[in-house]
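The values are calculated or read from the model by the stated rules, or taken from the named source; none is laboratory data. Note that the structure is a prediction, hence the values are computed from the model and not measured. Cβ atoms come from the backbone with ideal geometry, glycine included; neighbour counts cover every protein chain shown. Calculation scope for accessible area: heavy atoms of the full protein, side chains included, ligands and nucleic acids excluded. Shrake-Rupley method; radii C 1.70, N 1.55, O 1.52, S 1.80 Å.
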Amino acid sequence: PRSPAGMLPVVAGLLLAVAAGGRGSSSSSEQESPPGSRFVCTSLPLEAAGAGCPLPPVPMQGGALPPEEELRATVLQLRETVLQQKETIGSQREAIRELTGKLSRCEGADGKSAPGTWKKEPGKGKDTMGDLPRDPAQVIDQLSRTMQTLKDRLESLEHQLRANVSYAALPNDLREMLQRRLGDLERQLLSKVAELEDEKSLLHNETSAHRQKTETALNALLERVSELEKGNSAFKSPDEFKVSLPLRTNYLYGKIKKTLPELYAFTVCLWLRSSASPGIGTPFSYAVPGQANEIVLIEWGNNPIELLINDKVAQLPLFISDGKWHHICITWTTRDGMWEAFQDGEKLGTGENLAPWHPIKPGGVLILGQEQDTVGGRFDATQAFVGEMSQFNIWDRVLKAEDITNIANCSTNMPGNIIPWVDNNVDVFGGATKWPVETCEERLLDL
């Protein structure tokens, strides 16, 4: 804006020109002006006006102020106007500084924690807005709205400055500073959006394994429900039956319809009753192509009960050939080949180095009552199981000793998550039969 001292010559010259024009008008009132004539007002410097056109004193009429007083009043009025405009500019600059401060706090260039700045969450590797939601879509939307609000406020501020200060434009350095900071904030927004996308992708990758495991468990549960819905069991409950193998032959056996997946650990539990001698035979065997003895439980001749995994042998301290019901559980893990043997809920033995680091192969055949020399066949009558069995279940993990005890004392019913004991999952051949089984409490009393 122009200073009052700079405007004084112009105002004075303008008043002199008006006064001269007025004097000419009064002198020409006696005779009319030529047609087409007109008055022209020209701004003159104060020195030229004083030298060329001396201003005669104007008499005061009706209490009017002399020209010097009018000029002084006009100058004071202009000075007040200029001061008001300066105050307006100061207030607008204050608003600009406030906006600049907010932009500086938002961009968090100094890395210090302040309200609204970028803050790092404990335990997190990435920075995030402390007052924004963690969902990437909501964060992007919130930042976009904040950016648009800042742009609107800046445009509104520029319009107000143009309207209030018509003769003074926004300082170029201040405009450039605001535009530069706004550009920095936009770049920071784009960087934050890229970080959120990376975080979203990382989160997706981290949860994919958990999601797959959950889907597998749900599919197994749905399959079990479907089996229960489709099965027209002749028993009160689909699992309340037993398989009876009364003769030592090579053609009586049961077959599990489902097969095993690849296993790195397992738990096998079953109820059985036998008084066969010598040895109760083979309660179950699992064979895969290339290995007929992938998993076998056998008591043959005068030998103790043995557990075979990948044709490696461990002797188990179990004694079950007394003609009574017994609950048997065997656990194994590929880590160091650790195994445990439980009888009637009590752990009687443990060991290691039984086929260590060997995963159980998938896709084999699971037979009840016979030992397989080839996958699904070539049974030996001398190794056949004689007796009854029920509640044959397999899990893909090592059950806790507490769970095994609860199953054995009938306080928990826990079907196997890999092989459950279900009527329509067991087929019998060669004269083997299915019968209703005694209740768990009755079997427990038989011990």
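Here the spin labels are modelled as points 7 Å beyond Cα on the Cα-Cβ line, and at SER275 and ASP336 they lie 4.2 nm apart.
With a Förster radius of 51 Å applied to the C-beta separation of TRP435 and GLU206, the computed FRET efficiency comes to 0.50. These residues, LYS213, LYS192, go from largest to smallest accessible area, 1.4 Å probe, as LYS213, LYS192.
Dividing the mean sequence gap of close Cα pairs (under 8 Å, 6+ apart) by how many residues segment 253-372 holds gives a relative contact order of 37 percent. Between GLN179 and THR88, the FRET efficiency from the beta-carbon distance, with R0 = 22 Å, is close to 0.45.
Multiplying the residue separation of GLU155 and ASN302 by 0.36 nm and subtracting their alpha-carbon distance yields 43.1 nm. Considering only the other residues whose Cβ falls under 14 Å of the Cβ of ARG72, what net charge follows from Lys and Arg at +1 and Asp and Glu at -1? Surrounding charge for ARG72 is -3.
In this label model, ARG248 and ASN417 are separated by 4.0 nm, measuring between points 7 Å along each Cα→Cβ vector.
Per residue, the solvent-accessible area of segment 241-445 (1.4 Å probe, heavy atoms of protein chains only, all protein chains present) comes to 41 Å². Seen from a random direction on average, the alpha-carbon convex hull of segment 172-232 projects onto 5.8 square nanometres. Accessible surface ranking for GLU195, GLU262, 1.4 angstrom probe, highest first: GLU262, GLU195.
Rounded to the nearest 20, the Cβ-based charge dipole of segment 241-445 about its Cα centre (Lys and Arg +1, Asp and Glu -1) stands at 380 debye. Spin-label pair GLN77-ARG145: with each label point 7 Å from Cα along the Cα-Cβ axis, the two points sit 5.0 nm from one another.
Cross-linked pairs LYS255/LYS434; LYS257/LYS400; LYS192/LYS213: Cα-Cα separations exceed 24 Å for LYS257/LYS400; LYS192/LYS213.
Segment 357-398 and segment 255-323 have Cα centres spaced 6 Å apart.
For GLU68 and ARG97, the FRET efficiency from 1/(1 + (r/R0)^6), where r spans their Cβ atoms and R0 equals 51 Å, is about 0.75. The dipole here belongs to segment 341-429: it is taken about the Cα centre, uses +1 on the Cβ of Lys and Arg and -1 on the Cβ of Asp and Glu, and is about 240 debye. The magnitude of the dipole of segment 172-232, with charges of +1 and -1 set on the Cβ of Lys/Arg and Asp/Glu and taken from the Cα centre, is near 80 debye. Between the DSSP loop rule and a limit of at most 16 other Cβ atoms within 10 Å, which trypsin sites (Lys or Arg not before Pro) in segment 337-439 are left? Here the trypsin sites (Lys or Arg not before Pro) that fit, given the DSSP loop and packing criteria, are ARG378, ARG397, LYS400. Each of ALA401, THR333, GLY351 was scored by the projection of its Cα onto the charge dipole of segment 323-447, and the greatest displacement toward the positive side belongs to THR333; charges sit on the C-beta of Lys, Arg, Asp and Glu.
Quick check: at a probe of 1.4 Å, how many percent of the accessible area of segment 241-445 sits on carbon and sulfur atoms? It is 51 percent, rounded to a whole number. To the nearest 10, the accessible area of THR207 is 50 Å² with a 1.4 Å probe.
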